[in-house]
Amino acid sequence: MMQFLLRDFRYALRQLRKSSGFTLAAVVTLALGVGATTAIFSVVHGLLLEPLPFSDATRIVNIFETHPQVVGGVVATFPDYLDWRAQQKSFEKIAAYSMLNPDTVSLVANGHSEQVHRVLASGNFFSLLGVPALIGRTLNEQDDKPGSDHVAVLSTSAWQRYFGKDRGIVGRSVDLNGTSYTIIGVLPPTAAYPAEGDVWLPLSLLDSATRSSRVWHSVNVLGRLRPGVKLDEAKTDMHTIAARLAAAYPATNRNVTVVLSSLREQLVGTVRPAILSIMGSVVLVLLIACANVANLLMVRAAANRREVAIRQALGADRIRLFSQFLAQTVILCLLGGALGMVLAAFALPLLRLALSHTAGLDPSMIPSIRISVPVLLFTLSVCFLTAFIFGLLPIVKTSSPLAEALRPGDRTSTGRHGLSRGALITGEIAIAVVVLFLSALVIRSFQKLVATDPGFRTDHLLTFEITLPEPQYQDSSPTTNRFYEQLLDKVKQTPGVLSAGSTTQIPLTPSQVMTHFLVEGAPPLAPGAFPLAQIRYVSPDFFHTMGLGLEQGRTFKQKDVDDPNGFFIVNQAFAQRYLTATNPVGANLLLGVLTAHPVKIPVIGVVANAHDLGIESGPQPEIYLPGFGLHEVLLVRTASDPQSIVSMVRRAVYELAPNQPIYHVQTVDEVLSDSLTRQRMTATLLGIFAFVALALAAIGIYGVLAYSVTQRTREIGVRMAVGAKRGDILRLVLSQAASFAAVGITIGLVAAFACARLLSGLLFETSTVDPLSVLVTIGALGAIAVLAVILPARRAASIEPTEALRAE
């Protein structure tokens, strides 16, 4: 048996070497399809299928609260977390962690101060995740008690970066914000959660006001399901508890419920729909590539029809013939698969780079995107399945009787074999229409997204962050205010700086702080129905620096920062929703409405809307207050390249506080670009796949028509001999191509409209039946069909009747 197989493979290699053009075309076509599929499947496997580095991670879920006035889930309040933990029956454990601002602390190492990301975690947090320590131990319940909570766990990267991988680090002290903590352990490199954390401290370090507040949403909550408990059962359990809390605390918990999602869903974020849509498109491209190779093999089989018929007449059985054809297709598919793997290996670093800048995707997921054993098995499966199917085609399509096969000319070429090839081409065009239409929709959506005005100028605007250490500084204290006022004055005096201001969060990012309020004089509301609004602290020059226009009233002055009474500025969205019954300027807002003594604060101005929740989200009601906190985002408007002043900004900070680091230095253009990475990546990849699909469809149309013209040479000669003009012959070939294109485009558009509904969640202000996308699709396919048919049509029209008939 092995001897026969080796002989078949040697024979196949000789045949493929003789037909080098056919071999190259088949291998390259397969390589494009397999390479694209392998690269995208590597992403799908890494993000959606690869096991997470936590013990039995499928049982770990995130628990969020939902509020009727807030889009999506929000983190829980600390008292709600304690109530969930005490009353639930569905989880083995419930743990919490917090990354409240300031989410960074100053770490002193080797005489230098570095700003590192801090995570406050409950004592059972790492045991819930099932993460053991690489060195030492992780946090436990004892560490969560006051007096025992000055301990720290490091990430592997922080251990390497700041302590040189010193294995004797356990038991040493580290200075965090001027307070000493004992290092008790180091986490494994792939199991740190959340991934941006550098140091984990006990959750008991949350301040007492936060721990007692049902207003301040401060903790992320995880739960590990009990064995045998389904997610739906846990949802029912948690909804019951939420209803109980709503009845007990109507002022804060009325209409508040919970939403549960898997840990993977939280890690992958909004990337899942985009990745699955890209995977669907690349599978369609692979189908087009396979259809092209099938056409090539059918053409080759038709040319060898006489040989196959003679061998069958001499006694060769179908199994032997299939073995020989299978050997050829296996070699073609393995060569195409190998070249495709090379293409995928080159594409993956680019995909990882793009995904690393994608908002919503946890950075810990990026390393899992690689060509792994399951990906290799997937590629091999695709190759061998393709080889098996293609190996059958020559046998199925060459089963003509011996007499018919030996008859001069190929009169069956326009019969059943021609119909088969026509059906494949029609299918290719239909699939290409689906890929092209979907990519056109996403590209149109991305164009509209890019054209959306964020509400402020993003050019020549530098941002960087500072977090002042406690207890030396406190929120809104005179010391904190003085530091930032002096820093802003120094930055403004820097050559090339036009203006400078500060706020609490990077532009295009939610403030992470919302407040309940009431409008003085408005009809009374039940406590649980108080409206919510985003709230941000800003410096007096913030609006000028951002380029946010003043619509009414005035902006803040320096004296407003220290005014104990306070003032508000609201955006247009706030004024239009809540202050339509009165002049916004001069209206009073009541804060602290859940307390016995609300505070009345006047509105002194209205500014233009900004897309502070992201370009895709419409402007939301927002309140601005004057002042500074421990954590500030400084914004610097420059006359030239913003990066050119970074060193001068660092010097200004150093002159005020030599050990105070700045971090997250980036331009707002970069922030905007990063916020659109997912949409840009989706549009770019779908555009590339649409181009490949068009190219493959063009090659398929050209190949079928060119072969059809060759096989119909005698027919064309007869037609011209009895009076047909060259224009008639040209129309004959063009009509054949037009029929392929018309049927393919019609079927493709019907399928594309159905598929577009699945993409609706990825589209921004773009209809799933967008007329321009339809026109682009039809126009592109029509143009490709015309280009593909030009050469075969010209060749058919140039046939000389006498030469065609003499050849027969």
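Per residue, region 174-232 exposes 37 Å² of solvent-accessible protein surface, assessed with a 1.4 angstrom probe and all protein chains in place. The calculated FRET efficiency for residue 643 paired with residue 738, based on their beta-carbon distance and R0 = 35 Å, is about 0.05. Taking the accessible area of region 12-152, probe 1.4 Å, and keeping the other protein chains in place, the carbon and sulfur fraction comes to 56%. Full extension of the chain between residue 13 and residue 161 yields a length gain of 47.8 nm, computed as 0.36 nm times the residue separation minus the alpha carbon distance.
For residue 551, the residues 5 or more places off, or on other chains, whose built amide H falls under 5 Å of its own are 606, 607, 608. Counted over region 465-528 with a bin width of 10 Å, the fraction of Cα pairs per bin, in whole percents, is 15, 30, 29, 18, 8, 1. Reducing region 29-107 and region 171-234 to their Cα centroids gives an inter-centroid distance of 14 Å.
With the cut-off at under 14 Å, measuring from each backbone N in region 591-608 to a point 7 Å along the Cα-to-Cβ line of residue 554 picks out 603-606. Assuming 1.567 mPa s and 4 °C, estimate D for region 59-166 with Stokes-Einstein, Rh taken as the Kirkwood radius over Cα pairs, in µm²/s. Result for D is 80 µm²/s. Relative to the current alpha-carbon distance between residue 179 and residue 765, full extension at 0.36 nm per residue lengthens the span by 205.9 nm. In units of the rule-of-thumb radius 2.2 N^0.38 Å, region 14-54 shows an alpha carbon radius of gyration of 1.87.
Rounded to the nearest 0.05, the FRET efficiency derived from the C-beta distance between residue 600 and residue 137 at R0 = 51 Å is 0.50. For region 122-268, the convex hull spanned by the alpha carbon atoms encloses 142 Å³ per residue. Remark: the residue 787-residue 345 segment gains 155.9 nm on full extension, using 0.36 nm per residue and subtracting the alpha carbon distance. Here the scattering of region 145-185 is modelled by Debye summation over its C-alpha atoms, one equal scatterer each and no solvent; at q = 0.27 Å⁻¹ the log10 of I(q)/I(0) is -0.97.
Of the solvent-accessible surface of region 426-478, computed with a 1.4 Å probe and all protein chains present, 55% belongs to carbon and sulfur.
The values are calculated or read from the model by the stated rules, or taken from the named source; none is laboratory data. Owing to the predicted nature of the structure, the values given are computational and were not obtained by experimental measurement. Cβ: placed from backbone, ideal geometry, glycine included. Neighbour counts: every protein chain shown. Each accessible area value is taken on the protein alone, full model and side chains, heavy atoms only, with ligands, DNA and RNA left out. Shrake-Rupley method; radii C 1.70, N 1.55, O 1.52, S 1.80 Å.
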